[in-house]
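Student: I have a structure I would like to understand better, so I am pasting it below and will then ask my questions one at a time.
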Number of protein chains: 2
Amino acid sequence: MTLTPQISSEETSQLRQDIVTGDWVVIATKRARRPEDFIVKKETVLSDSLDACPFENPEASGQKEDTLIYKKADGEWTLRVFPNLYPAIERGKRPRFIEEGPYFAMTGTGYHELVVPRDHYTHLALMDATMIAEILDAYQDRYINIMNKKSIRYISIIHNHGKSAGASIHHPHSQIFAVPIISPYVQLELDGAERYKKSTKRCVFCSMVEYEREQKTRVVFENEECIVITPYASRSAFEMWILPKEHSPYFERITNKQKISLAWAIKRALGALDKALDNPDYNFYLHTSPCDGKEYSHFHWHFEILPKMSIWAGFELSTGVEISSLEPEVAAKRLRECIENK
Amino acid sequence: MTLTPQISSEETSQLRQDIVTGDWVVIATKRARRPEDFIVKKETVLSDSLDACPFENPEASGQKEDTLIYKKADGEWTLRVFPNLYPAIERGKRPRFIEEGPYFAMTGTGYHELVVPRDHYTHLALMDATMIAEILDAYQDRYINIMNKKSIRYISIIHNHGKSAGASIHHPHSQIFAVPIISPYVQLELDGAERYKKSTKRCVFCSMVEYEREQKTRVVFENEECIVITPYASRSAFEMWILPKEHSPYFERITNKQKISLAWAIKRALGALDKALDNPDYNFYLHTSPCDGKEYSHFHWHFEILPKMSIWAGFELSTGVEISSLEPEVAAKRLRECIENK
């Protein structure tokens, strides 16, 4: 077995296989960029105007109801969850199935909610761990509430930061999408995890965590419950995954102890990214087991952080193979240097 | 069987399934935008400076050799193909396989070439059909040359138009990537086509072409050999597919007659898109059978045109489910109105 934690100088391009899905990425270091070169000059930024923010006073913006609200002892809200006024999928009834010739569709019913902490200015990377833990509480509370609704098979939780990552409002907010299908990317991970389990009797994510803890080159941060790594087959420079170290198929069963550890891991990971790349735009999201009543003991939930480093052009869009120009080993080293300890 | 070519007014969101891959898209028309509303104000554009163009005089930019050159009778070149000076994958040797703990990789060897027509200013949508046919000749010539090289399993041909679609040079150019793996997205289509063939004894693309020709609502253009449709499960507003009407698994076996028809279909499709959306950025690429020596009689090559209409944000990146806010039936109608006849 050859150990090549970094790409040799004669070979400036590597095809790395995602251990879970079997998909491939290209790591092309031909231009030999340093980690600092990945600081992206933002072409457009979101207005941080407090007056125009629809979340400062949600009622005035047409918001009719909260699905969840957390308050301080004095009655002031600290976090609210409410339906998106411009949903991608519509609340309500069971999906109606539609056939047209050889095609199949269903009405897009489900839930699309927004998770909004009180503070307009402090983005996720800079929040207190306590506030992040409160956001995780909200994720879990809404997940448990929605998972048993009729026809819901998968719940997706995401957080977009910055305009180029698709955020349209400056005020930090997460989104919960509950849909009557299992998402294709999650299905690829589920299938891969099942294949790995069948052939090795082990969880593929547990194997990864064990190896990364031994190896250390791609570990960004670790605490009692969680580990943050730059994945071996990173799809973009500075991609990170946050995983519970114990095998955990279902996010909604996270304990309070794990949640505190996870909040710190998120804070450290995003804080290091913020420092390394000067507040880059990124997407942050959960992959967990479907809630369709089936058993997914082979899966292992995790969060993925995908900084917006490049445009998906024809090659990526046509093949599904992403090209990154920084080795995850180099990214992890830079991120470790940027971890704050306060 | 319910016939619903458009989304009813009570239901403003549909989940549509891709008939080939089984993947899903969301068509959410809540904001009821008109086709004209999809004209994107470009935030950044590429410089069209002739002096700074590396393709006007490739030798001066460090280009050492052509892999293909077409010339006029007077000796002036009309099209050149040469290796990319900044390749994502490197020319040459067989891939070396790399194991690291539970992971697998190989050196990124293969071919990455640029297909450059002479004219700096005229982009693909506005070229003569003769010039487009010459570009298709070059695709085919290079494909046939590269397909038998050692270790090449898939050849990807793409054309990016505009900065937001990933183009970095104004001068129109296509790219050929030859890689030692089968791309995940192509694999999904191959698997889907094989499943469909097993259960129906038919080619899924042929079924689609037949149904769309009967139905007409999603047909943008048709000539003797080719058809242009907006796919039922369009991933973005104004997405189009161009398919040969006859079952054709291998692009490299295209006849001259088919090539002329295809050139006109590309010209009409991109011309209509150019008119409908005022020169939008887009990605245009080929999906064809792998060249790994196996038999793919169930596949059917086609080109896909994906206009850059929105940012892939957390939901799309985490689930693989894209959200489009225009029904393909409405897009096809608008594109038909924009077809030129000259």
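Student: Could you list all residues from segment B:317-332 that are within 8 Å of chain A (Cβ to nearest Cβ) and either over 14 Å from residue B:23 (Cβ atoms) or assigned to a helix (DSSP H, G or I) (or both)? Give the steps one after another, and end with the answer.
Tutor: As a first pass, look at segment B:317-332 and keep what is within 8 Å of chain A (Cβ to nearest Cβ): B:317-321, B:323.
Of everything in segment B:317-332, those that are within 8 Å of chain A (Cβ to nearest Cβ) and either over 14 Å from residue B:23 (Cβ atoms) or assigned to a helix (DSSP H, G or I) (or both) turn out to be B:317, B:318, B:319.
Student: Give the residues of segment B:302-321 that are more than 12 Å from residue B:237 (Cα to Cα), modelled with pLDDT of 85 or more and not small (Gly, Ala, Ser), sorted by residue number.
Tutor: Residues satisfying the conditions are B:302, B:303, B:304, B:315, B:316, B:317, B:319, B:321.
Okay, residues lined up against (1) at pLDDT below 95; (2) part of a helix (DSSP H, G or I); (3) touching a strand residue (DSSP E or B) at 6+ places or on another chain (Cβ under 6 Å):
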residue	(1), (2), (3)
A:228	no, no, yes
A:261	no, yes, yes
A:269	no, yes, yes
A:274	no, yes, no
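Student: Just one of the numbered conditions (1) in contact with a helix residue (DSSP H, G or I) (Cβ under 6 Å, 6 or more places away or on another chain); (2) at pLDDT 85 or above; (3) of a type in the set (Val, Ile, Thr) is not true of residue A:69; which one?
Tutor: (1)
Student: I've got another one for you. Restricting to segment A:183-195, give me the number of residues that are more than 9 Å from chain B (Cβ to nearest Cβ) and surrounded by 16 or more Cβ atoms within 10 Å (Cβ to Cβ).
Tutor: Number of matching residues: 4.
Student: Another question about this same structure. Search segment B:1-35 for residues being out of contact with any strand residue (DSSP E or B) (no Cβ under 6 Å at 6 or more places or on another chain) and modelled with pLDDT of 80 or more, and hand back the single one that is nearest to the other protein chains (Cβ to nearest Cβ).
Tutor: Checking each candidate, the answer is B:23.
Student: Could you please tell me which pairs satisfy a Cβ distance under 8 Å, a separation of 6+ or placement on different chains, a first residue in segment A:224-235 that is over 11 Å from residue A:329 (Cα atoms) and facing chain B (nearest Cβ under 10 Å), and a second residue that is buried (at least 24 other Cβ atoms within 10 Å of the Cβ) and among the hydrophobic types (A, V, I, L, M, F, W, C)?
Tutor: Pairs found: A:235/A:25.
Student: Being surrounded by 12 or more Cβ atoms within 10 Å (Cβ to Cβ) and free of Cβ contacts under 8 Å to residues at least 60 places away in the same chain narrows it down to one of A:99, A:76, so name that one.
Tutor: A:99
Student: Based on this model, can you work out whether residue B:56 counts as in contact with a Leu (Cβ under 7 Å, 6 or more places away or on another chain) and either without any contact (Cβ under 8 Å) to a residue 60 or more places away in the chain or under 24 Å from residue B:168 (Cβ atoms) (or both)?
Tutor: yes
Student: Another question about this same structure. Out of A:104, A:55, report the one residue that is more than 30 Å from residue B:214 (Cβ to Cβ) and of a type in the set (Phe, Trp, Tyr).
Tutor: A:55
Student: Same structure again: Given B:290, B:328, which one is touching a residue at least 40 places away in the same chain (Cβ under 8 Å) and under 22 Å from residue B:271 (Cα atoms)?
Tutor: B:328
Student: Go through segment A:162-181 and count every residue that is within 27 Å of residue A:321 (Cβ to Cβ) and more than 9 Å from chain B (Cβ to nearest Cβ).
Tutor: Adding up the residues that qualify gives 1.
Student: Can you tell me which of (1) within 13 Å of chain A (Cβ to nearest Cβ); (2) within 16 Å of residue B:327 (Cα to Cα); (3) hydrophobic (A, V, I, L, M, F, W, C) is the one residue B:206 doesn't meet?
Tutor: (2)
Student: Moving to a separate point now. Would segment B:60-80 turn up any residue that is assigned to a loop (DSSP other than H, G, I, E, B), more than 14 Å from chain A (Cβ to nearest Cβ) and polar (S, T, N, Q)?
Tutor: Taking every residue of segment B:60-80 in turn, at least one turns out to be assigned to a loop (DSSP other than H, G, I, E, B), more than 14 Å from chain A (Cβ to nearest Cβ) and polar (S, T, N, Q).
Student: So which residues in segment A:153-193 are more than 24 Å from residue B:20 (Cα to Cα), modelled with pLDDT under 95 and β-branched (Val, Ile, Thr), if there are any at all?
Tutor: Once the filter is applied, which keeps residues that are more than 24 Å from residue B:20 (Cα to Cα), modelled with pLDDT under 95 and β-branched (Val, Ile, Thr), segment A:153-193 yields only A:169.
Student: Going through segment A:269-315 one residue at a time, which ones are of a type in the set (Lys, Arg) and under 15 Å from the mean Cα position of the chain (by Cα)?
Tutor: Residue satisfying the conditions is A:308 alone.
Student: I've got another one for you. So residue A:277 clears everything in (1) more than 14 Å from chain B (Cβ to nearest Cβ); (2) touching a Leu at 6+ places or on another chain (Cβ under 9 Å) except one condition, right? Which one?
Tutor: For residue A:277, the exception is condition (2).
Student: Hey, among the residues in segment B:139-176 that are in contact with a Pro (Cβ under 8 Å, 6 or more places away or on another chain) and among the aliphatic types (A, V, I, L, M), which one's surrounded by the most Cβ atoms within 10 Å (Cβ to Cβ)?
Tutor: Per the stated criteria, the residue is B:152.
Student: What residue, among those in segment B:280-302 that are within 27 Å of residue B:195 (Cβ to Cβ) and either among the hydroxyl-bearing types (Ser, Thr, Tyr) or in a helix (DSSP H, G or I) (or both), is farthest from the other protein chains (Cβ to nearest Cβ)?
Tutor: B:297
The values are calculated or read from the model by the stated rules, or taken from the named source; none is laboratory data. If you're wondering where the values come from, they're calculated on a predicted model, not measured in any experiment. Note: ideal-geometry Cβ built from the backbone for every residue, glycine included; neighbour counts use all protein chains shown.
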